[in-house]
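S.K.: To start, I am sharing the structure in question, which I have written as structure tokens.
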Amino acid sequence: MRQKFHDEGLDTWHCIGQGGFGSVYKVKAVNMGHDVAIKLIHTGGDLDEEVKKEANYLKLLSCNFVLSIYGMYEGTPPTEQKKQIGMVMEFMKRGSVETLCKNLSGPPPFPLACRLIHEVALGMNFLHSLGILHRDLKPQNVMLSDELHVRLADFGLCTQSISFNPSIQEPTDTAGTVKYMPPEAFDLNYKPSRSFDRYSFAVLVWSILSGKEPFEGVPADLVELKVPLGQRPPLDELSKKDTEGMKDLLELMQKCWEGDPDKRPKFDESIVCTEKVLSKHEREMNKVVFQVLEKLDWNATMP
């Protein structure tokens with residue numbers, strides 16, 4: 001049953017994120033007995049109805065690695081002057097892969113990194129099987145459950161309103177997105193396809209394994225110029241690590257960010273590789289996850 005949320009029963013709004021496409025709030029849902037995340041969608045006009053239709057469709061999806069959507073919000077938040085619409089979703093207190101790397105001051109331990117990469121591939125395979133393109137796959141949009149399992153967020157929402165022209169988005173939002181975009185996406189006549197997400201996945205894998213932002217400090221317009229010419233994030237440091245399975249992931253990464261979109265492997269092919277690598281580190285997983293959670297909880301107590 002589709003659920004609609006209004007101002008009644010929603011309390012204590014805290015902004016936890018902003019971007020060119022919307023603002024995200026942590027909100028106490030009194031009737032549900034727990035916090036939810038509400039993303040207010042900045043669309044306006046006829047696009048509001050398109051957002052509602054797509055949100056109702058996305059709410060019917062069910063996958064362990066995709067963020068649960070509870071329904072639509074329509075109302076006037078305490079922070080706004082006029083009526084807004086938004087998506088009501090699971091609230092992930094552990095944040096995203098981006099916040100995980102920041103809190104750890106580097107990449108997650110390799111076994112956990114393998115699990116994150118594999119679960120992203122599983123979630124993306126699920127979305128692609130339904131004909132849904134993500135179009136913004138990056139660390140900020142890979143949310144984490146209490147036990148550090150993947151929940152993909154910000155996929156497929158109102159795709160008509162998302163432009164690939166960097167000049168019309170906020171600079172900070174653009175810089176983060178452009179670095180995960182494939183070379184063909186900078187063609188003004190480009191129409192998104194599944195290959196877009198396959199390329200973004202490769203750069204995301206690099207980011208998870210390195211714990212870094214790709215092309216850090218490089219202006220978005222320079223990235224836009226160099227990527228179509230073959231520039232990719234450096235592999236020197238990762239290639240030096242002799243961890244079992246690293247070589248396999250680096251080879252997969254390079255296949256997925258291939259310049260020719262038709263040569264990038266589908267997610268069901270990538271899963272074969274990620275599952276194989278993950279299987280080599282399963283025995284260590286519980287210990288590693290416990291240690292990471294312990295560190296995150298300790299960091300949270302520090303001033």
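The values are calculated or read from the model by the stated rules, or taken from the named source; none is laboratory data. Keep in mind that what you see is a predicted model, and the values were worked out from it rather than measured. Neighbour counts are summed over all protein chains in view; Cβ atoms, including those assigned to glycine, are modelled from backbone coordinates with ideal geometry.
S.K.: Quick one: is residue 295 basic (Lys, Arg) and assigned to a helix (DSSP H, G or I)?
M.R.: yes
S.K.: While we're on this one: Tell me, please, whether a residue that is of a type in the set (D, E, K, R) and within 30 Å of residue 93 (Cβ to Cβ) can be found in the stretch 250-269.
M.R.: No, the conditions are met nowhere in the stretch 250-269.
S.K.: Given the residues 228, 192, 234, which is the only one that is assigned by TED's automatic domain parsing to the domain that holds residue 108, over 18 Å from residue 118 (Cβ atoms) and modelled with pLDDT under 95?
M.R.: 192
The rows are residues; the columns are (1) under 25 Å from residue 178 (Cβ atoms); (2) buried (at least 19 other Cβ atoms within 10 Å of the Cβ); (3) at pLDDT 80 or above.
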{"residue": "1", "(1), (2), (3)": "no, no, no"}
{"residue": "20", "(1), (2), (3)": "yes, no, no"}
{"residue": "26", "(1), (2), (3)": "no, no, yes"}
{"residue": "31", "(1), (2), (3)": "no, no, yes"}
{"residue": "56", "(1), (2), (3)": "no, no, no"}
{"residue": "62", "(1), (2), (3)": "no, no, yes"}
{"residue": "73", "(1), (2), (3)": "no, yes, yes"}
{"residue": "77", "(1), (2), (3)": "no, yes, yes"}
{"residue": "82", "(1), (2), (3)": "no, no, yes"}
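S.K.: I've got another one for you. With the requirement that a residue be of a type outside the set (Asp, Glu) and loosely packed, with under 11 Cβ neighbours inside 10 Å, what does the stretch 237-252 give you?
M.R.: 240
S.K.: Given the options 203, 272, 223, 218, name the one that is touching a helix residue (DSSP H, G or I) at 6+ places or on another chain (Cβ under 7 Å) and among the hydrophobic types (A, V, I, L, M, F, W, C).
M.R.: It is 223.
S.K.: Another question, then. Considering the stretch 207-255 alone, what residues qualify as being hydrophobic (A, V, I, L, M, F, W, C) and farther than 30 Å from residue 275 by Cβ?
M.R.: Listed by number, the residues that qualify are 218, 220, 222, 223, 225, 229.
S.K.: Cβ-Cβ below 8 Å, separation at least six or inter-chain, first residue in the stretch 262-277 and farther than 11 Å from residue 120 by Cα and in the same structural domain as residue 112 (by TED's automatic domain parsing), second of a type in the set (Lys, Arg) and surrounded by 14 or more Cβ atoms within 10 Å (Cβ to Cβ): which pairs?
M.R.: 263/255; 264/198; 264/255; 265/198; 265/255; 266/194; 266/198
S.K.: Quick check: is even one residue across the stretch 7-17 closer than 30 Å to residue 209 by Cβ and modelled with pLDDT of 80 or more?
M.R.: yes
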